[in-house]
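The values are calculated or read from the model by the stated rules, or taken from the named source; none is laboratory data. The shown structure was predicted, so the numbers you read here are calculated from the model rather than taken from an experiment. Methodologically, a virtual Cβ is constructed for each residue, glycine included, from the backbone with ideal geometry; neighbour enumeration extends over all protein chains shown.
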Amino acid sequence: MEEASGMVVDASVQGGALTTDERTAIAAAVNVVLYRCQVERTTGKMKAAIRARRKVTALPSSGEGLDLGAVSDAVHQVCYVMGSGAFPRATPRWWMKRRMGGTWEDLRQCDDAPNEYFRDKLRMSPRVFCEIAETLSPYLQRRVTFYRVPLQPDHIVAYALYRWVSGETYDSGMCSFSIGRASGITTVRDVTAALLAAYPDKLSWPTGLQKAVVLCPFADKGFPNYHGCIDCTHIYVDKPANANGEDYCDQKRRFSVQAQVVVDMNLRVLDVFVGYPGSVHDMRMLHLSSLWERAESGQLFTGPHVMLSFIVRTNGYLLGDNGYPQSEWIVVPYGGLAQHPTEARFDNKQKTARGAVERVFGRLKGMWRLFLRTHKCNMDMLPQQFIAVCILHNILIDAGIPFDNNLLWEVGPDGVRRRVDLGMHAPLRTVCMESSTGDALILRDALAERMGAQ
């Protein structure tokens, strides 16, 4: 072309040859054109890839190009594999069983685990545990899902018992039942509800032959028609949230919740009323409970009456300390410094008989140590949990499970071994007897006279 136009790109040829600047400009223009072509080609490939991806995504919804039957079979196979545990969830739900060993694996082997080991962890024999788990099983069944195998009822019961026995939270590294704090709260709540539903009559007053067996021994000791003892204990808790801390401070300046309990001479719990702050007086607790209403209306003691001296008739009564006033159904000590020998004898025997309630609190809190120490708890769940452990207490009493008195002793921070604090506070002041009726005072005098005659 250069020859045809008479121009030669050679420095030796004179005439219309391109200069160096012109050739540089032409080269730059050619480079720009090539770069734009390359960019457009790359953009076209990207757009084509995006369109292809959109078509693939839209195919399952329209059913084009896919065998829906094959997809359905694949989904079923994946669900089966997940259900068998091959693809476990990273964070299983609270009721799903984790693979673990340690304490539970040892306890589950009932034939190999010794009774002492079982009682140390759950405070009962393998036979009693199996009976409780079987009774609670209908209330604790879990639905099987495709994620993991759900916890079995006996495993759930063991979690709750271990929590009440040890007082440890489930997220503690020392607890071999670790399943997480939230999961532990839910498990304890379910077992609590199951115990209340499965054993509605476990906290009841004796009737018939059982009542005769309970009342007869104390009639020989000077307390005819005696049904049991009444007293209160403090359950120590952390400062409740969204509540006035002063209301929950007891006379020892500790945060606590009051629990009123009635027990018989066989150490069985007959009645429980719990939930009011620790600053509430024992007498106030009595007036707030249904026990007061039933006793005052004549529905509590309905058995045959017993005639005493001074023509006193009694259908039944409880023994209490000086935190209660003398009434026709609560007998309290005389108290005072200068006592008549008859009064002193009565007070000594009354105190001995009333020792049953202290033994119950010792056994109850010694076994279920969560309620012995200060602990953080849900204030709405605490009353139900305490009633649940009272039901367990009666179950173990009926089953003849012994109690280890060493549980009532512990070593303090100073290294001194001392008796545990059962939360039984002596009344700050004696309740005024001016509200007591003449019949109530005569009942105590008649009982004291009977003891003197014996």
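Descriptive notes on the structure:
- Residue count for the range 273-288 under the criterion of being closer than 16 Å to Cys229 by Cα and buried (at least 19 other Cβ atoms within 10 Å of the Cβ): the result is 4.
- Whichever residue in the range 296-324 is under 35 Å from the mean Cα position of the chain (by Cα) and outside any loop (DSSP other than H, G, I, E, B) and, among such residues, is surrounded by the most Cβ atoms within 10 Å (Cβ to Cβ): Leu318
- Pairing each residue of the range 241-256 that is closer than 20 Å to Phe371 by Cβ with any residue that is in a helix (DSSP H, G or I), provided the two are 6+ apart or on different chains, yields C-beta distances under 9 Å for Arg254/Tyr248; Phe255/Gly245; Phe255/Tyr248; Ser256/Tyr248.
- Being over 26 Å from Gln384 (Cβ atoms), buried (at least 21 other Cβ atoms within 10 Å of the Cβ) and not aromatic (Phe, Trp, Tyr) is not true of Leu337.
Residues are listed down the side, and each one gets a yes or a no for (1) of a type in the set (A, V, I, L, M); (2) assigned by TED's automatic domain parsing to the domain that holds Val191; (3) at pLDDT below 90:
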residue	(1), (2), (3)
Pro402	no, no, no
Leu407	yes, no, no
Pro427	no, no, yes
Leu441	yes, no, yes
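- Residue check: His227 meets all listed conditions (1) in a strand (DSSP E or B); (2) outside the structural domain of Ser309 (by TED's automatic domain parsing) but one, namely (2).
- Residue within the range 382-390 that is farther than 21 Å from Tyr236 by Cβ and in the same structural domain as Arg254 (by TED's automatic domain parsing) present: no
- Residues of the range 1-43 that turn out to be modelled with pLDDT of 70 or more, of a type in the set (Ser, Thr, Tyr) and in a loop (DSSP other than H, G, I, E, B), as a count: 1
- As a summary of the residue check, Gly335 satisfies the conditions (1) assigned to a loop (DSSP other than H, G, I, E, B); (2) of a type outside the set (Asp, Glu); (3) under 29 Å from the mean Cα position of the chain (by Cα) except for the one numbered (3).
- Between Ala197, Ala158, Ala182, Ala193, the distinction of being under 23 Å from Met381 (Cβ atoms), within 18 Å of the chain's Cα centre (by Cα), modelled with pLDDT of 75 or more and surrounded by fewer than 16 Cβ atoms within 10 Å (Cβ to Cβ) belongs to Ala197 only.
- Which numbered condition Phe218 misses (of (1) closer than 22 Å to Val306 by Cβ; (2) at pLDDT 90 or above): (2)
- For the criterion of being of a type in the set (S, T, N, Q), under 27 Å from the mean Cα position of the chain (by Cα) and assigned by TED's automatic domain parsing to the domain that holds Val263, Ser327 fails.
- Taking the range 396-415 as the range and being aromatic (Phe, Trp, Tyr) and in a helix (DSSP H, G or I) as the test, no residue passes.
- Residue in the range 344-395 that is surrounded by the fewest Cβ atoms within 10 Å (Cβ to Cβ), counting only those that are within 22 Å of His425 (Cβ to Cβ) and aromatic (Phe, Trp, Tyr): Phe361
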